[in-house]
Amino acid sequence: MGRLHFFKVPHIIKQLHALQKSNDEQTPTDHFPEVVEAFELLLEDNLLLDLLDTKCSCNIIEYLLNDWTKQHLVTDVQVKHFATQRENTSLMLQKRESGNQALSIINFIIRAEVPLSGVLKTLSTDYNKVQEALLGVLCQVLVGNSFDLILSVATVEGRLKTFVTRLIQCNENSKQVPGEIGKPSIIRSTLFDVSFLMLTFIVQTYGSDVVLSEHGDSFFEKWVRECMAERNKPKNPRNMIALCEEQIVDELLLSLRNPETQHKNSNLTWQDICLNLPGVLNHVLIAWEKDILTSTDVKSILENIKRRMFSFSVCATSFLCAYMYSVRENELLKPLNMIQQFLTPLSSEEMTSQENVKERLGLSFQIIRKMQQDVHPSSNTKSRSINLTQNLVSQTPLSDQFREVWKTVTEHGWLPVMSAQILESLLQSGGPTWLTKHLVHEILICKYTKDMLKTMDIVFAILHLDIERNTEALLKDIIPLYANQMVGGEINEPQSHVLALLSVYCIISALEHRQGTISTLQQKRTRTHSEADNSDLDLSNVPKLRKLNQEGGSDNSCSNDFLSDNHPLLTAVNSDTTNKTTGRDTIRTATLKEPLYSSVQYIFKLLQQFVTSDVLTPKVYFAYRFISLLIECGGERIRPVLKLLPVQLIQNLLKVMVSEDISVGLICSLYDLRTATGRQSAVSDLSVWRNIRLKENSLKL
C-alpha cells in the first residue's frame, strides 16, 4: 500500500479533479483547495496519525505531501504548515520508538525512486564506456530487497518497459566477443549473467506479454519465446531439443564431463550454451535412465553447468520443467533431483572466487524455485506463494476478477487449472474471508437444490487452496454473517442445510489434514498456512513428518538416486499400508490445534446462542442440522471436535426441537461412551429427552 500512496494516489487525485472540474470554474494553478481542506480534516485525527508516525518512524504528513507538490496538489508553504503542526508530536513518538532500529518501509520506498533513475541513466549511457560502473550498479540493485522495490516503483511510475528495454540492450551488448580475454571478458560475462537473470525474474513476475514486445529479435526475447518455462505457457521439450546443434551439444557434453579437456580456442559462446543446454540434458537423462551415467556423474555435470554461469542453471531448469510436463508421474524424480542440485549452495572457495557471486546466486535460486513450483507445486504454502505474483498484476478490481473466473468455472462445470491459479491469487490478495464470502454467495443464489449441491462441491474444492484459513473464515465470519439473514427469512431450506453441510465438510477436511503420513500429503495436496512439520492433530502414535526442503523445494524432489537406502523419506514412501485400528484409536485421543480449535469453539458458542429461546427458529434448525451432519458425515473422525460441545447446547436443543427429530442414537454418538465423562453427559441428555417424550405422550393422552 505504501507504494500506491506515495506514487500513484497523487496522479489519481489530479485526474479525478480534472474530470469533475467544470470549464467555467476558476481554480488556483499551484494547489487544489479541496485537497488542502481534506488534509486539514485529516490533521484532526491525532490517534490515526500517531499510529502511522510510530509505525513508519517518520512524520507521515510531511513524507506524504512532499511528492504531492510535484503534481501541484499543494504548495511548499502548505506542506511546511501541515508538517509543523505534527513535528513535535512526531519527534516525541520517534524517540519513544528509537529502540527499533529497523528502517521503515516508507524510507525504503522513497529511497528506491532515486536508484531507479540512476539505473536507467546508467543503462542509457554508452556501453563501451561504463561497463565496470554498470556492473557495479546492477549488482548493487540485487542487494537485499532493492530489486523488488525498484521494480515496484518502476511499475507505478510507468517506467517498467523502459527498464526492461534497456536491460535487454545491455544483455545484447554483453554477448560474448570471440578472442576477448582478461578482465574485460570477466566483466562482460558477469554483465551478461546479471542482466539475463534480472530479465528472467521480471518476466516471471509480470509475464512476457506485459514486459516484452511481440516480435523482439534480441537473444533474450528469442530465448523466452522458444525455451523459457513460463506459468500457463508450457513449452514443448522436443522443440527445444530440435533447436540444438548436434556439434555444439557434443562439444558441451565433452567439456562438462571433463572440464580440464576444454579447448581454449573453443568457439562456443554463452548464448550458444544457453540454447543448446536442452540437448545436453536430454542426453544426460537418457544415459542416466540406462545406467550409463551414475548419480555421481550427473552431479558432476550439473555442478559444472552451475559453476560456469548462473544463467546456465536457469536455462537448464527451464528445459527440465518443460520435460516434466511431458512425462508420467513416476518419471519425475530424476529431473526433480537435477533441479535440486542447482539449488545446492556453493562452497566458501567458490563464493570468493568470483565477484558478486552471492547476489547472482540468490537471484538464480529464486528463479529456479519459481519454475519448479509452477510445474511441481509444493504442499508448503510459504513456498507456493512465491509463484503467485504474476496473477496479481492487474488493474481489474478483485470482485470483477472473481466474477470472470467464476463464469469460466460455471461454464466448465468443474475447476480448470488456470482458474484455480487465479483463485489462489485472489485468496492471497483479498484474504480467506473475502474469497469465502464470495464463494458462499454463489452457492446461496442457486435456485435449485441440484445446482446448489453441485456448486457446493466446486466451492469445497476451491476452499482446499488453504483449507485451515478458509475453514476459520467460514466458521468465524461467514456463518455469523448469514445467521442474521436466517431470522429475516432471506435464507431458508435448502440453503441452510447446504451451508451447514459445507461447514461440516470443511471441518472434517481440516481435521484430517496432515495426520502424519506422506501418502496423505501426496494424495490430498491440501494447503495450510502452518509450518510443514506441523499437524492438525497431536498424534501420539504417528511419527511426525520430517520437514524437508526448507528452502522451498518440492516435497517429492528426492529419489534413491541421491539418497541412502535407509533415508526416512524413502522409508515413508515405500510403506504401502497402515494399521487402520491404530489410526482410529489415535483419532480418539487426539486434540485439535489452532486455528481449527478456536474456530470450532466459536461456532459452538454461536450455536449455543441460537438455542437460548424456546421458539423453533431457522437458527435453531441450523444448529440441529449442523450437529446431526457432524455425526452423519464425520463418524469417529469427528470425536476431537465433539469434545468441545458446550454442556447445555444439546439439552437446550432438545427443549426446542421435536423429540422425534433427535434420536437416542444421535445423542449417544455425541459422546465417547468409553469414558466416564462421556457416559455421564449422555445419560444427562437422555434423561432430558426421556422427560420430554413422557410429557408429550401424557399430553396426547
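The values are calculated or read from the model by the stated rules, or taken from the named source; none is laboratory data. What you see is a predicted model, and the numbers here were worked out from it, not measured in a lab. Note: ideal-geometry Cβ built from the backbone for every residue, glycine included; neighbour counts use all protein chains shown.
Of everything in segment 237-269, what is under 30 Å from Tyr206 (Cα atoms) and either surrounded by 12 or more Cβ atoms within 10 Å (Cβ to Cβ) or modelled with pLDDT under 90 (or both)? Give them in sequence order.
Pro237, Arg238, Asn239, Met240, Ile241, Leu243, Cys244, Thr269
Kindly indicate the residue of segment 145-187 that is of a type in the set (Lys, Arg) and more than 18 Å from Gln204 (Cβ to Cβ) and also surrounded by the fewest Cβ atoms within 10 Å (Cβ to Cβ) among those meeting that condition.
Among them, the one singled out is Lys183.
Condition check ((1) of a type outside the set (Asp, Glu); (2) assigned to a helix (DSSP H, G or I); (3) surrounded by 19 or more Cβ atoms within 10 Å (Cβ to Cβ); (4) at pLDDT 80 or above) across all residues:
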position: Glu62; (1), (2), (3), (4): no, yes, no, no
position: Leu65; (1), (2), (3), (4): yes, yes, yes, no
position: Arg86; (1), (2), (3), (4): yes, yes, yes, no
position: Leu93; (1), (2), (3), (4): yes, yes, yes, no
position: Val114; (1), (2), (3), (4): yes, yes, no, no
position: Leu120; (1), (2), (3), (4): yes, yes, no, yes
position: Glu132; (1), (2), (3), (4): no, yes, no, yes
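Could you please give the count of residues in segment 571-615 that are modelled with pLDDT of 80 or more and within 24 Å of Gln651 (Cα to Cα)?
Total satisfying the criteria: 16.
Please go through (1) part of a loop (DSSP other than H, G, I, E, B); (2) under 19 Å from Met309 (Cβ atoms); (3) not basic (Lys, Arg) for Gly158 and return the number of the only condition it doesn't satisfy.
(2)
Where residues in segment 24-57 are at pLDDT below 70 and part of a loop (DSSP other than H, G, I, E, B), which of them is nearest to the chain's Cα centre (by Cα)?
Restricting to residues being at pLDDT below 70 and part of a loop (DSSP other than H, G, I, E, B), the top hit is Ser57.
State yes or no: is Arg639 modelled with pLDDT of 50 or more and in contact with a His (Cβ under 7 Å, 6 or more places away or on another chain)?
It is false that Arg639 is modelled with pLDDT of 50 or more and in contact with a His (Cβ under 7 Å, 6 or more places away or on another chain).
Restricting to segment 206-228, count the residues that are more than 19 Å from Met309 (Cα to Cα), under 27 Å from the mean Cα position of the chain (by Cα) and at pLDDT 90 or above.
Counting residues in segment 206-228 that are more than 19 Å from Met309 (Cα to Cα), under 27 Å from the mean Cα position of the chain (by Cα) and at pLDDT 90 or above gives 1.
May I ask you to list pairs of residues, at least six apart or on different chains, whose Cβ atoms are under 9 Å apart, with the first in segment 149-178 being in the same structural domain as Thr205 (by TED's automatic domain parsing) and the second being surrounded by 19 or more Cβ atoms within 10 Å (Cβ to Cβ) and of a type in the set (D, E, K, R)?
Note: pairs meeting the criteria are Ile168/Glu221; Asn173/Arg188; Ser174/Arg188; Ser174/Asp193; Lys175/Arg188; Gln176/Arg188; Val177/Arg188.
Got a number for residues in segment 606-618 being more than 32 Å from the chain's Cα centre (by Cα), surrounded by fewer than 21 Cβ atoms within 10 Å (Cβ to Cβ) and part of a helix (DSSP H, G or I)?
Qualifying residue count, segment 606-618: 3.
Among the listed residues Leu439, Leu415, Leu426, identify the single one that is surrounded by 15 or more Cβ atoms within 10 Å (Cβ to Cβ), at pLDDT 85 or above and not in a helix (DSSP H, G or I).
Among Leu439, Leu415, Leu426, only Leu415 is surrounded by 15 or more Cβ atoms within 10 Å (Cβ to Cβ), at pLDDT 85 or above and not in a helix (DSSP H, G or I).
Looking only at helices (runs of 4 or more DSSP H) that lie completely in segment 313-375, which have at least 1 residues being basic (Lys, Arg), in contact (Cβ under 8 Å) with a residue 24 or more places away in the chain and farther than 20 Å from Ile286 by Cβ?
Of the helices (runs of 4 or more DSSP H) lying wholly inside segment 313-375, those with at least 1 residues that are basic (Lys, Arg), in contact (Cβ under 8 Å) with a residue 24 or more places away in the chain and farther than 20 Å from Ile286 by Cβ span 357-375.
Can you report the number of residues in segment 289-304 which are under 14 Å from Asn337 (Cα atoms) and surrounded by 11 or more Cβ atoms within 10 Å (Cβ to Cβ)?
Result for segment 289-304: 10.
Looking at (1) over 19 Å from Trp414 (Cβ atoms); (2) assigned to a helix (DSSP H, G or I), can you tell me which one Lys447 breaks?
Exception for Lys447: condition (2).
Among the residues of segment 191-211, are any within 15 Å of Ser313 (Cβ to Cβ), of a type in the set (Val, Ile, Thr) and either in contact with a strand residue (DSSP E or B) (Cβ under 7 Å, 6 or more places away or on another chain) or in the same structural domain as Asp148 (by TED's automatic domain parsing) (or both)?
yes
Check whether at least one residue in segment 345-362 is closer than 13 Å to Thr200 by Cα and not assigned by TED's automatic domain parsing to the domain that holds Ser195, and report yes or no.
The answer is yes; a qualifying residue exists.
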